[in-house]
Amino acid sequence: MTETILLTGVSGFIAKHIALAALLRGHSLRGTLRSPDRAEEVRAALRPHLPDASALDRLSFAVADLERDEGWPEAMVGVTAVIHCASPFPLVQPKDEQALIRPAVEGTLRVLRAAQAAGVTRVILTSSCVAVLNDGKDALQDEDDWCDLAAPGTTAYAKSKTLAEKAAWDFARANGLGLTTINPGLVAGPPLDGHFGSSLGLIERILKGRDPMLPPYGLPVVDVRDVAEMHLRALDRPETAGKRYISAAGSIPLAGIGQLFKAAYPTRRIPTREAPGFLLRLMAPFDPSIRALLPKLGRLERVSNLRAVQEMGMTFIPVSQALKASADWLVTSGRIWA
Ligand code: NAP
């Protein structure tokens, strides 16, 4: 069945891939933007990837901000399903964690309330593996796990995603909404255009060789094309309502990412070794991203993708391929080493 989907934050790295996957499936799409000026940029990003450019006739836009009520009721008119992807995704954690938590949580509730008022009963929410990963657990983690908000390593971003997802589940249960969440690990793969905010920030930082060594930490990774596919497969499968789905191909240490890039670009200065803990503790006062990692040093975060494989039939693009696709895009576009 073709749907009329409201996709929030269509200007984002992941959302543009979701928009492409939705248009390729024949759905109609209304994408929300904070500024109407970005509409042509989104169309231009999608156009080269559509076999028939007339598919863009099924794409329209609405202007709405997660922090304001205006625009959401109009955005929902005629919509049959919502994919709520918009949320602040910063590279560096803000001093005031509410700067992330407020738009994430209140924005999610604003979108869900508007959906419910318009009679929409199906919602797919882009959550994150950070809402799953629990620092107190060393075993493989799955959809029954939740981030511990009180743990010292829990960043403002992790809190924003966890609290937003929990608020969505509470709202869905109370109002009979068919909610599915997709919980991606670090999202890699090729962007559709050069407007991808801070989404490839970690990959860019390793490739640029900014750090001589990397923190001993590893995390789950997934290709953006698989993340988009999972949002659409969730929509196709009503039986996924009421469930979370981890989206990850596997896990890799940061030094493993460096080694992968060094093998692909052997003449470049790319870090491949792990930094000792004492050095990172010395650097932490001067580098907020290292500071945020200190409580997690030595961890390789591992998650199970079994539910996505068994219930959605996902076969994930391997981690190395996803990371290499990002690196190749950054290099060939001249974004780095130009
Ligand atoms: P992105 O490129 O920064 O996209 C974020 C989107 O959210 C943008 O369209 C942005 O709009 C919009 N947005 C932010 N604040 C907003 C506000 N106050 N009102 C309206 N829209 C707002 O990041 P992304 O990587 O695609 O992330 C998309 C989603 O995936 C987020 O929910 C993120 O938490 C989740 N996620 C990402 C990753 C990852 O590794 N990238 C991993 C797991 C989960 P503007 O373009 O106007 O800024």
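Is it the case that some residue within region 226-249 is modelled with pLDDT of 95 or more, surrounded by fewer than 20 Cβ atoms within 10 Å (Cβ to Cβ) and within 15 Å of the ligand (Cβ to nearest atom)? For region 226-249, residues modelled with pLDDT of 95 or more, surrounded by fewer than 20 Cβ atoms within 10 Å (Cβ to Cβ) and within 15 Å of the ligand (Cβ to nearest atom): absent. The condition of being touching a His at 6+ places or on another chain (Cβ under 7 Å), at pLDDT 95 or above and of a type in the set (Val, Ile, Thr) holds for only one of 18, 14, that being 18.
Return yes or no: is residue 98 at pLDDT below 95, among the polar types (S, T, N, Q) and more than 9 Å from the ligand (Cβ to nearest atom)? No; evaluated as a whole, the condition is false for this residue.
Anything in region 18-33 that is touching a strand residue (DSSP E or B) at 6+ places or on another chain (Cβ under 9 Å), within 16 Å of the ligand (Cβ to nearest atom) and of a type outside the set (S, T, N, Q)? List them, or say none.
Matches in region 18-33: 18, 19, 22, 29, 30, 31, 33.
A count restricted to region 283-337 and to residues that are more than 24 Å from residue 208 (Cα to Cα) and at pLDDT below 90 stands at 0. The set of residues in region 304-338 that are within 13 Å of residue 227 (Cα to Cα) and in contact with an Asp or Glu (Cβ under 7 Å, 6 or more places away or on another chain) comprises 314, 316, 317, 322. Among all positions in region 169-192, there is at least one residue which is farther than 13 Å from residue 246 by Cβ, more than 14 Å from the ligand (Cβ to nearest atom) and assigned to a strand (DSSP E or B). Can you tell me which of 320, 333 is buried (at least 18 other Cβ atoms within 10 Å of the Cβ) and in contact (Cβ under 8 Å) with a residue 60 or more places away in the chain? Result of the check over 320, 333: 320.
Taking residue 261 as the residue in question, decide whether it is farther than 20 Å from residue 157 by Cβ and crowded, with 21+ Cβ neighbours inside 10 Å. The answer is yes for residue 261.
Counting only residues that are of a type in the set (Phe, Trp, Tyr) and either in contact with a strand residue (DSSP E or B) (Cβ under 7 Å, 6 or more places away or on another chain) or exposed (fewer than 15 other Cβ atoms within 10 Å of the Cβ) (or both), region 52-96 holds 1 of them. Taking the residues in region 154-168 that are of a type in the set (Gly, Ala, Ser) and over 16 Å from the mean Cα position of the chain (by Cα) as candidates, determine which candidate is farthest from the ligand (Cβ to nearest atom). Looking at the filtered set, the residue picked out is 167. With respect to the conditions (1) within 18 Å of residue 168 (Cα to Cα); (2) in contact (Cβ under 8 Å) with a residue 24 or more places away in the chain; (3) buried (at least 18 other Cβ atoms within 10 Å of the Cβ); (4) out of contact with any Asp or Glu (no Cβ under 6 Å at 6 or more places or on another chain), residue 127 falls short on a single one, namely (4).
The values are calculated or read from the model by the stated rules, or taken from the named source; none is laboratory data. No experiment lies behind these values; they were computed from the predicted model shown. So basically every Cβ, Gly included, is an ideal-geometry build from the backbone, and we count neighbours across all protein chains shown.
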